[in-house]
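The values are calculated or read from the model by the stated rules, or taken from the named source; none is laboratory data. Worth saying up front: this structure is predicted, and the values here are computed from it rather than measured. Cβ atoms come from the backbone with ideal geometry, glycine included; neighbour counts cover every protein chain shown. Accessible surface areas use protein heavy atoms only, side chains included; no ligands, DNA or RNA. Shrake-Rupley method; radii C 1.70, N 1.55, O 1.52, S 1.80 Å.
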Amino acid sequence: PRVCVVGSGPAGFYTAQHILKHHGGALVDIYEKLPVPFGLVRFGVAPDHPEVKNVINTFTQTARSERCTYYGNVTVGKDVTVPELRQAYHAVVLSYGAEDNRVLGIPGENLPGVYSARAFVGWYNGLPENRDLKPDLSCETALILGHGNVALDIARILLSPLQLLRKTDITDSSLAALACSKVKRVWLVGRRGPLQVAFTIKELREMINLPGARAVLDPADFTGLENAVKDAPRPRKRLTELMIKTALEKPVEVQAGAAAPRAWGLKFQRSPQEVLPSADGRRVRGIRMALTRLEGSGDSAKAIPTGDTEELECGLVLSSIGYRSLPLDPAVPFDSQRGVIPNSSGRVEGVPGLYCSGWVKRGPTGVIITTMNDSFDTAQSVLEDLQGGVLDISPSREGFGVVESILRSRGVRPVSFSDWEKIDAAEVARGKAAGKPREKIVDPAEMLRIISH
(Lines give C-alpha, C1' and ligand atoms only; values in the text may rest on other atoms or scores of the structure.)
Protein backbone atom coordinates (compact mmCIF):
# COMPACT_ATOMS: atom_id res chain seq x y z
CA PRO A 1 0.00 0.00 0.00
CA ARG A 2 1.14 3.51 -0.83
CA VAL A 3 0.28 6.12 1.77
CA CYS A 4 0.74 9.85 1.43
CA VAL A 5 1.02 12.19 4.43
CA VAL A 6 0.52 15.93 3.94
CA GLY A 7 2.53 17.96 6.47
CA SER A 8 5.85 17.17 8.15
CA GLY A 9 5.19 18.41 11.66
CA PRO A 10 4.71 16.08 14.64
CA ALA A 11 1.29 14.89 13.38
CA GLY A 12 2.66 13.93 9.98
CA PHE A 13 5.78 12.22 11.27
CA TYR A 14 4.05 10.30 14.07
CA THR A 15 1.40 9.08 11.60
CA ALA A 16 4.10 7.92 9.18
CA GLN A 17 6.14 6.32 11.97
CA HIS A 18 3.20 4.25 13.26
CA ILE A 19 2.19 3.02 9.79
CA LEU A 20 5.77 2.04 8.89
CA LYS A 21 6.27 0.27 12.21
CA HIS A 22 3.07 -1.77 12.10
CA HIS A 23 2.86 -2.56 8.40
CA GLY A 24 5.99 -4.21 6.99
CA GLY A 25 5.10 -3.43 3.36
CA ALA A 26 3.66 0.08 3.44
CA LEU A 27 5.42 2.88 1.57
CA VAL A 28 4.91 6.37 2.98
CA ASP A 29 5.57 9.68 1.19
CA ILE A 30 5.53 12.90 3.24
CA TYR A 31 4.77 16.20 1.47
CA GLU A 32 5.71 19.55 3.01
CA LYS A 33 5.03 23.11 1.82
CA LEU A 34 8.38 24.48 3.06
CA PRO A 35 11.79 23.17 1.97
CA VAL A 36 12.47 22.31 5.63
CA PRO A 37 10.65 19.72 7.75
CA PHE A 38 9.35 19.41 11.35
CA GLY A 39 6.63 22.09 11.45
CA LEU A 40 6.01 23.54 14.91
CA VAL A 41 8.91 21.60 16.45
CA ARG A 42 11.15 23.89 14.41
CA PHE A 43 8.90 26.97 14.22
CA GLY A 44 6.76 26.82 17.37
CA VAL A 45 8.83 25.40 20.24
CA ALA A 46 10.62 28.21 22.09
CA PRO A 47 14.35 28.61 21.31
CA ASP A 48 15.20 28.18 25.02
CA HIS A 49 13.44 24.78 25.14
CA PRO A 50 15.95 22.69 23.15
CA GLU A 51 15.02 19.49 25.00
CA VAL A 52 11.51 19.59 23.46
CA LYS A 53 13.13 19.56 20.01
CA ASN A 54 14.78 16.18 20.63
CA VAL A 55 11.84 14.49 18.88
CA ILE A 56 13.52 15.67 15.66
CA ASN A 57 15.94 12.75 16.11
CA THR A 58 13.04 10.26 15.99
CA PHE A 59 11.50 12.03 12.99
CA THR A 60 14.85 11.94 11.18
CA GLN A 61 15.05 8.17 11.71
CA THR A 62 11.57 7.83 10.20
CA ALA A 63 12.49 10.02 7.21
CA ARG A 64 15.62 7.95 6.59
CA SER A 65 13.67 4.68 6.54
CA GLU A 66 13.93 3.06 3.12
CA ARG A 67 10.12 2.92 2.96
CA CYS A 68 9.67 6.63 3.64
CA THR A 69 10.36 9.56 1.31
CA TYR A 70 10.17 13.28 2.05
CA TYR A 71 9.15 15.85 -0.58
CA GLY A 72 9.59 19.43 0.61
CA ASN A 73 8.78 22.64 -1.24
CA VAL A 74 5.43 21.19 -2.46
CA THR A 75 2.21 23.03 -1.60
CA VAL A 76 -0.70 20.58 -1.59
CA GLY A 77 -3.86 22.30 -2.82
CA LYS A 78 -1.83 24.43 -5.22
CA ASP A 79 1.11 22.49 -6.73
CA VAL A 80 -0.84 19.22 -6.56
CA THR A 81 -4.49 18.78 -5.54
CA VAL A 82 -5.92 16.34 -3.01
CA PRO A 83 -7.92 14.47 -5.75
CA GLU A 84 -4.65 14.07 -7.68
CA LEU A 85 -2.99 12.62 -4.57
CA ARG A 86 -5.94 10.28 -4.04
CA GLN A 87 -5.47 9.00 -7.60
CA ALA A 88 -1.80 8.30 -6.90
CA TYR A 89 -2.05 6.71 -3.41
CA HIS A 90 -4.18 4.10 -1.65
CA ALA A 91 -4.57 6.38 1.38
CA VAL A 92 -4.00 10.10 1.96
CA VAL A 93 -3.56 11.55 5.47
CA LEU A 94 -3.91 15.31 5.98
CA SER A 95 -1.68 16.47 8.85
CA TYR A 96 -1.05 20.05 7.85
CA GLY A 97 -1.83 21.68 11.19
CA ALA A 98 -3.14 25.17 11.85
CA GLU A 99 -1.51 27.86 9.74
CA ASP A 100 -3.67 30.79 10.78
CA ASN A 101 -4.63 32.49 14.04
CA ARG A 102 -7.96 33.36 15.62
CA VAL A 103 -8.81 37.04 15.41
CA LEU A 104 -10.05 39.16 18.31
CA GLY A 105 -12.84 40.75 16.30
CA ILE A 106 -12.58 44.11 18.12
CA PRO A 107 -11.98 47.69 16.92
CA GLY A 108 -8.31 48.68 16.65
CA GLU A 109 -6.87 45.19 16.32
CA ASN A 110 -5.21 46.18 13.05
CA LEU A 111 -3.34 49.14 14.54
CA PRO A 112 0.47 49.14 14.26
CA GLY A 113 1.83 47.55 17.44
CA VAL A 114 -0.77 44.74 17.54
CA TYR A 115 0.52 41.31 16.49
CA SER A 116 -0.75 37.76 16.62
CA ALA A 117 1.24 35.43 18.87
CA ARG A 118 1.56 33.11 15.89
CA ALA A 119 3.35 35.76 13.81
CA PHE A 120 5.55 36.87 16.74
CA VAL A 121 6.61 33.29 17.54
CA GLY A 122 7.20 32.68 13.82
CA TRP A 123 9.38 35.80 13.73
CA TYR A 124 11.77 34.80 16.53
CA ASN A 125 11.77 31.17 15.38
CA GLY A 126 12.64 31.89 11.74
CA LEU A 127 9.37 30.96 10.01
CA PRO A 128 9.93 32.31 6.48
CA GLU A 129 6.54 34.03 6.19
CA ASN A 130 7.18 36.06 9.37
CA ARG A 131 10.82 37.01 8.73
CA ASP A 132 9.95 40.64 7.90
CA LEU A 133 7.63 41.26 10.87
CA LYS A 134 9.85 43.93 12.52
CA PRO A 135 7.79 44.23 15.71
CA ASP A 136 8.02 47.61 17.41
CA LEU A 137 9.62 46.99 20.82
CA SER A 138 10.14 50.67 21.67
CA CYS A 139 7.54 50.78 24.48
CA GLU A 140 7.95 49.86 28.15
CA THR A 141 4.72 47.87 28.62
CA ALA A 142 3.58 44.91 26.53
CA LEU A 143 0.23 43.21 26.94
CA ILE A 144 -0.39 39.60 25.94
CA LEU A 145 -3.99 38.44 25.55
CA GLY A 146 -4.17 34.80 26.59
CA HIS A 147 -3.16 32.52 29.46
CA GLY A 148 -1.60 29.58 27.61
CA ASN A 149 1.95 28.28 27.25
CA VAL A 150 2.48 30.31 24.06
CA ALA A 151 1.65 33.50 25.99
CA LEU A 152 4.23 32.54 28.65
CA ASP A 153 6.79 31.71 25.95
CA ILE A 154 6.41 35.18 24.45
CA ALA A 155 6.61 36.90 27.86
CA ARG A 156 9.75 34.92 28.65
CA ILE A 157 11.40 35.79 25.33
CA LEU A 158 10.56 39.49 25.84
CA LEU A 159 12.03 39.55 29.36
CA SER A 160 14.88 37.02 29.19
CA PRO A 161 18.42 38.28 29.75
CA LEU A 162 20.16 38.45 26.36
CA GLN A 163 23.02 36.22 27.46
CA LEU A 164 20.49 33.37 27.89
CA LEU A 165 18.97 33.88 24.44
CA ARG A 166 22.36 34.18 22.71
CA LYS A 167 23.03 30.50 23.36
CA THR A 168 19.78 29.38 21.67
CA ASP A 169 18.73 28.96 18.03
CA ILE A 170 16.70 32.20 18.11
CA THR A 171 17.21 34.04 14.82
CA ASP A 172 19.94 36.61 14.47
CA SER A 173 17.61 39.45 13.49
CA SER A 174 15.19 38.88 16.37
CA LEU A 175 18.10 38.74 18.81
CA ALA A 176 19.28 42.12 17.46
CA ALA A 177 15.75 43.55 17.86
CA LEU A 178 15.45 42.19 21.43
CA ALA A 179 18.85 43.71 22.26
CA CYS A 180 17.34 47.16 21.55
CA SER A 181 13.97 46.38 23.17
CA LYS A 182 12.64 48.86 25.77
CA VAL A 183 10.02 46.42 27.10
CA LYS A 184 10.24 46.22 30.90
CA ARG A 185 6.76 45.08 31.91
CA VAL A 186 4.59 42.34 30.45
CA TRP A 187 0.97 41.75 31.48
CA LEU A 188 -0.74 38.50 30.58
CA VAL A 189 -4.49 39.05 30.48
CA GLY A 190 -7.25 36.43 30.46
CA ARG A 191 -11.06 36.53 30.32
CA ARG A 192 -11.43 33.96 33.08
CA GLY A 193 -9.88 33.31 36.48
CA PRO A 194 -6.81 31.60 37.99
CA LEU A 195 -8.58 28.20 37.94
CA GLN A 196 -9.00 28.38 34.15
CA VAL A 197 -5.47 29.27 33.01
CA ALA A 198 -4.27 26.97 30.24
CA PHE A 199 -0.51 27.09 30.86
CA THR A 200 1.28 24.27 32.67
CA ILE A 201 3.30 24.30 35.88
CA LYS A 202 6.68 23.76 34.20
CA GLU A 203 6.25 26.92 32.08
CA LEU A 204 4.93 28.94 35.02
CA ARG A 205 7.81 27.88 37.27
CA GLU A 206 10.30 28.81 34.55
CA MET A 207 8.72 32.27 34.30
CA ILE A 208 8.74 32.76 38.09
CA ASN A 209 12.44 31.83 38.20
CA LEU A 210 13.43 34.02 35.24
CA PRO A 211 16.55 36.00 36.26
CA GLY A 212 16.08 39.77 36.49
CA ALA A 213 12.29 39.69 36.29
CA ARG A 214 9.87 39.66 39.18
CA ALA A 215 6.34 38.25 39.22
CA VAL A 216 3.51 40.62 40.11
CA LEU A 217 0.44 38.64 41.19
CA ASP A 218 -2.35 40.27 43.18
CA PRO A 219 -3.13 38.24 46.33
CA ALA A 220 -6.77 39.40 46.06
CA ASP A 221 -7.14 37.38 42.86
CA PHE A 222 -6.48 34.19 44.81
CA THR A 223 -8.66 34.68 47.90
CA GLY A 224 -10.48 31.51 48.86
CA LEU A 225 -8.93 29.46 46.07
CA GLU A 226 -7.16 27.03 48.43
CA ASN A 227 -10.54 25.54 49.29
CA ALA A 228 -11.89 25.65 45.75
CA VAL A 229 -8.92 23.69 44.48
CA LYS A 230 -8.87 20.98 47.21
CA ASP A 231 -10.61 18.40 45.03
CA ALA A 232 -9.23 19.55 41.69
CA PRO A 233 -7.05 17.17 39.64
CA ARG A 234 -3.45 17.16 40.88
CA PRO A 235 -1.90 19.20 38.01
CA ARG A 236 -4.50 21.98 38.43
CA LYS A 237 -4.07 21.90 42.22
CA ARG A 238 -0.27 22.21 42.07
CA LEU A 239 -0.45 24.96 39.45
CA THR A 240 -2.90 27.00 41.54
CA GLU A 241 -0.86 26.48 44.71
CA LEU A 242 2.24 27.79 42.93
CA MET A 243 0.36 30.94 41.82
CA ILE A 244 -0.97 31.50 45.36
CA LYS A 245 2.48 31.04 46.88
CA THR A 246 3.98 33.49 44.34
CA ALA A 247 1.23 36.06 44.98
CA LEU A 248 1.78 35.97 48.75
CA GLU A 249 5.57 36.07 48.71
CA LYS A 250 7.12 39.34 49.81
CA PRO A 251 9.16 40.82 46.95
CA VAL A 252 12.90 40.78 47.57
CA GLU A 253 13.88 44.34 48.51
CA VAL A 254 15.70 45.96 45.61
CA GLN A 255 19.05 47.35 46.75
CA ALA A 256 19.02 51.09 47.20
CA GLY A 257 19.75 52.88 43.97
CA ALA A 258 19.40 49.75 41.82
CA ALA A 259 17.08 50.14 38.86
CA ALA A 260 13.82 48.25 39.32
CA PRO A 261 14.10 44.95 37.45
CA ARG A 262 11.77 43.85 34.70
CA ALA A 263 8.37 42.60 35.80
CA TRP A 264 5.51 40.46 34.54
CA GLY A 265 2.10 39.70 35.94
CA LEU A 266 -1.20 37.93 35.41
CA LYS A 267 -4.49 39.80 35.14
CA PHE A 268 -7.75 37.88 35.32
CA GLN A 269 -11.40 38.31 34.34
CA ARG A 270 -10.79 40.95 31.70
CA SER A 271 -11.99 40.68 28.12
CA PRO A 272 -10.58 42.96 25.39
CA GLN A 273 -13.17 45.43 24.01
CA GLU A 274 -11.09 47.82 21.95
CA VAL A 275 -7.46 48.51 21.12
CA LEU A 276 -6.99 52.24 21.75
CA PRO A 277 -5.03 54.36 19.26
CA SER A 278 -2.46 57.02 20.14
CA ALA A 279 -3.47 60.70 19.69
CA ASP A 280 -2.21 60.71 16.09
CA GLY A 281 -4.00 57.41 15.40
CA ARG A 282 -0.74 55.90 14.18
CA ARG A 283 -0.17 53.22 16.85
CA VAL A 284 -1.54 51.47 19.89
CA ARG A 285 -1.51 53.28 23.25
CA GLY A 286 -3.60 50.90 25.33
CA ILE A 287 -6.53 48.56 25.48
CA ARG A 288 -10.01 48.84 26.95
CA MET A 289 -11.11 45.78 28.87
CA ALA A 290 -14.55 44.65 29.93
CA LEU A 291 -14.40 43.30 33.48
CA THR A 292 -16.05 39.88 33.68
CA ARG A 293 -17.60 37.61 36.27
CA LEU A 294 -17.56 33.83 36.00
CA GLU A 295 -20.64 31.68 35.59
CA GLY A 296 -20.14 28.01 36.32
CA SER A 297 -16.92 26.52 37.61
CA GLY A 298 -13.81 24.69 36.48
CA ASP A 299 -12.86 24.46 32.81
CA SER A 300 -16.43 25.08 31.64
CA ALA A 301 -16.78 28.43 33.46
CA LYS A 302 -18.00 31.23 31.17
CA ALA A 303 -16.81 34.86 31.36
CA ILE A 304 -19.78 37.27 31.38
CA PRO A 305 -19.15 41.06 31.08
CA THR A 306 -20.21 42.95 34.23
CA GLY A 307 -20.70 46.28 32.45
CA ASP A 308 -17.60 47.79 34.07
CA THR A 309 -14.51 48.57 31.98
CA GLU A 310 -10.90 49.41 32.61
CA GLU A 311 -8.12 50.81 30.43
CA LEU A 312 -4.60 49.41 30.46
CA GLU A 313 -1.74 51.37 28.92
CA CYS A 314 0.64 49.52 26.63
CA GLY A 315 2.53 50.10 23.39
CA LEU A 316 2.59 46.49 22.24
CA VAL A 317 -0.33 44.04 22.11
CA LEU A 318 0.17 40.34 21.35
CA SER A 319 -2.93 38.28 20.80
CA SER A 320 -2.41 34.68 21.95
CA ILE A 321 -5.95 33.33 21.73
CA GLY A 322 -5.27 30.31 19.57
CA TYR A 323 -4.24 28.99 16.19
CA ARG A 324 -6.73 28.11 13.45
CA SER A 325 -6.71 25.54 10.65
CA LEU A 326 -7.69 26.54 7.12
CA PRO A 327 -9.34 24.50 4.38
CA LEU A 328 -6.71 23.03 2.06
CA ASP A 329 -8.60 21.99 -1.04
CA PRO A 330 -12.26 22.36 -2.15
CA ALA A 331 -12.40 18.55 -2.43
CA VAL A 332 -11.94 18.15 1.33
CA PRO A 333 -14.90 18.70 3.71
CA PHE A 334 -14.15 21.40 6.29
CA ASP A 335 -16.03 22.63 9.36
CA SER A 336 -15.16 26.34 9.33
CA GLN A 337 -17.05 26.90 12.61
CA ARG A 338 -14.73 24.57 14.51
CA GLY A 339 -11.77 24.89 12.13
CA VAL A 340 -11.35 21.13 11.68
CA ILE A 341 -11.92 18.46 9.02
CA PRO A 342 -15.03 16.49 10.09
CA ASN A 343 -13.81 12.98 10.92
CA SER A 344 -14.26 9.97 13.13
CA SER A 345 -11.03 8.49 14.52
CA GLY A 346 -9.22 10.33 11.74
CA ARG A 347 -11.41 8.96 8.90
CA VAL A 348 -12.63 11.97 6.93
CA GLU A 349 -16.43 11.93 6.76
CA GLY A 350 -17.81 10.92 3.38
CA VAL A 351 -14.42 10.50 1.67
CA PRO A 352 -13.16 6.89 1.91
CA GLY A 353 -9.37 6.62 1.79
CA LEU A 354 -8.88 10.16 3.13
CA TYR A 355 -7.72 10.67 6.75
CA CYS A 356 -6.52 13.45 9.03
CA SER A 357 -4.37 13.75 12.14
CA GLY A 358 -3.12 16.45 14.50
CA TRP A 359 -4.57 19.94 14.89
CA VAL A 360 -6.59 19.86 11.68
CA LYS A 361 -8.28 16.76 13.09
CA ARG A 362 -9.03 17.83 16.66
CA GLY A 363 -8.38 21.57 16.89
CA PRO A 364 -5.23 23.47 17.90
CA THR A 365 -4.73 22.23 21.46
CA GLY A 366 -2.30 20.11 23.38
CA VAL A 367 1.42 19.48 23.37
CA ILE A 368 3.57 17.20 21.21
CA ILE A 369 2.65 14.09 23.22
CA THR A 370 -1.09 14.81 22.65
CA THR A 371 -0.43 15.01 18.91
CA MET A 372 1.57 11.79 19.05
CA ASN A 373 -1.30 9.82 20.58
CA ASP A 374 -3.79 11.43 18.22
CA SER A 375 -1.65 10.54 15.18
CA PHE A 376 -1.19 6.95 16.33
CA ASP A 377 -5.00 6.79 16.57
CA THR A 378 -5.38 7.94 12.93
CA ALA A 379 -2.58 5.62 11.77
CA GLN A 380 -4.41 2.77 13.51
CA SER A 381 -7.56 3.62 11.49
CA VAL A 382 -5.51 3.42 8.28
CA LEU A 383 -4.04 0.05 9.32
CA GLU A 384 -7.49 -1.33 10.27
CA ASP A 385 -8.91 -0.22 6.91
CA LEU A 386 -6.00 -1.88 5.09
CA GLN A 387 -6.47 -5.08 7.07
CA GLY A 388 -10.26 -5.14 6.79
CA GLY A 389 -10.22 -4.58 3.05
CA VAL A 390 -11.93 -1.17 3.34
CA LEU A 391 -8.99 0.22 1.39
CA ASP A 392 -8.71 -1.67 -1.87
CA ILE A 393 -5.02 -2.12 -2.66
CA SER A 394 -5.53 -4.37 -5.69
CA PRO A 395 -5.23 -1.49 -8.17
CA SER A 396 -1.54 -0.63 -8.16
CA ARG A 397 -0.94 3.03 -7.46
CA GLU A 398 2.10 4.86 -8.79
CA GLY A 399 2.56 7.17 -5.80
CA PHE A 400 5.21 9.80 -6.46
CA GLY A 401 5.68 8.50 -10.02
CA VAL A 402 2.38 10.16 -10.98
CA VAL A 403 2.86 13.19 -8.75
CA GLU A 404 6.34 13.88 -10.12
CA SER A 405 5.09 14.42 -13.66
CA ILE A 406 2.26 16.67 -12.36
CA LEU A 407 4.79 18.76 -10.42
CA ARG A 408 7.18 18.92 -13.34
CA SER A 409 4.41 20.15 -15.63
CA ARG A 410 3.74 22.92 -13.08
CA GLY A 411 7.39 23.89 -12.71
CA VAL A 412 7.72 22.61 -9.12
CA ARG A 413 10.91 20.90 -7.95
CA PRO A 414 10.62 19.01 -4.67
CA VAL A 415 13.33 19.08 -2.01
CA SER A 416 14.54 15.70 -0.71
CA PHE A 417 15.45 14.78 2.86
CA SER A 418 19.14 14.68 1.95
CA ASP A 419 18.69 18.21 0.54
CA TRP A 420 17.31 19.21 3.95
CA GLU A 421 20.34 17.64 5.60
CA LYS A 422 22.57 19.98 3.56
CA ILE A 423 20.52 22.98 4.75
CA ASP A 424 20.71 21.59 8.29
CA ALA A 425 24.52 21.26 8.07
CA ALA A 426 24.81 24.85 6.80
CA GLU A 427 22.66 26.13 9.69
CA VAL A 428 24.65 24.19 12.28
CA ALA A 429 27.94 25.48 10.83
CA ARG A 430 26.73 29.10 10.92
CA GLY A 431 25.49 28.58 14.48
CA LYS A 432 28.81 27.14 15.59
CA ALA A 433 30.58 30.27 14.39
CA ALA A 434 28.23 32.32 16.60
CA GLY A 435 28.31 29.95 19.61
CA LYS A 436 24.72 28.77 19.03
CA PRO A 437 23.26 25.33 18.24
CA ARG A 438 22.28 26.63 14.79
CA GLU A 439 21.59 29.83 12.86
CA LYS A 440 18.32 29.27 11.04
CA ILE A 441 18.09 30.28 7.41
CA VAL A 442 14.88 32.27 7.11
CA ASP A 443 14.70 32.83 3.36
CA PRO A 444 13.45 29.85 1.28
CA ALA A 445 15.31 31.19 -1.79
CA GLU A 446 18.57 30.98 0.17
CA MET A 447 17.70 27.43 1.31
CA LEU A 448 17.27 26.43 -2.33
CA ARG A 449 20.54 28.14 -3.29
CA ILE A 450 22.43 26.07 -0.71
CA ILE A 451 21.21 22.86 -2.34
CA SER A 452 21.79 24.49 -5.77
CA HIS A 453 18.16 23.84 -6.64
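The single condition from (1) part of a strand (DSSP E or B); (2) over 22 Å from the mean Cα position of the chain (by Cα) that VAL332 fails is (1). Checking each residue in region 382-419 for being outside any loop (DSSP other than H, G, I, E, B) and acidic (Asp, Glu) picks out GLU384, ASP385, GLU404, ASP419.
Could you go through region 430-443 and let me know if any residue there is among the hydrophobic types (A, V, I, L, M, F, W, C), under 22 Å from ILE30 (Cβ atoms), at pLDDT 95 or above and not assigned by the TED database to the domain that holds THR75. Talk me through it step by step, then tell me what you get.
Initial filter on region 430-443 (among the hydrophobic types (A, V, I, L, M, F, W, C)): 433-434, 441-442.
Now restrict to residues that are under 22 Å from ILE30 (Cβ atoms): 441.
If we keep only those that are at pLDDT 95 or above as well, we get 441.
Remaining after also requiring not assigned by the TED database to the domain that holds THR75: 441.
Yes, because at least one residue in region 430-443 is among the hydrophobic types (A, V, I, L, M, F, W, C), under 22 Å from ILE30 (Cβ atoms), at pLDDT 95 or above and not assigned by the TED database to the domain that holds THR75.
Name every residue in region 282-299 that is open to solvent by 70 Å² or more (accessible area, probe 1.4 Å) and at pLDDT below 90, in order of residue number.
The initial filter retains those residues of region 282-299 that are open to solvent by 70 Å² or more (accessible area, probe 1.4 Å), namely 282, 285, 293, 295, 297, 299.
Across region 282-299, the qualifying residues are SER297, ASP299.
Total residues in region 100-157 satisfying the condition of being buried (at least 23 other Cβ atoms within 10 Å of the Cβ) and among the acidic types (Asp, Glu): the figure is 1.
Condition check: within 20 Å of the chain's Cα centre (by Cα) and of a type in the set (Asp, Glu). Does ASP79 satisfy that?
Details: within 20 Å of the chain's Cα centre (by Cα): no; of a type in the set (Asp, Glu): yes.
Judged against the criteria, ASP79 is not a match.
Is at least one residue of region 362-381 in a strand (DSSP E or B) and free of Cβ contacts under 8 Å to residues at least 12 places away in the same chain? Within region 362-381, none of the residues are in a strand (DSSP E or B) and free of Cβ contacts under 8 Å to residues at least 12 places away in the same chain.
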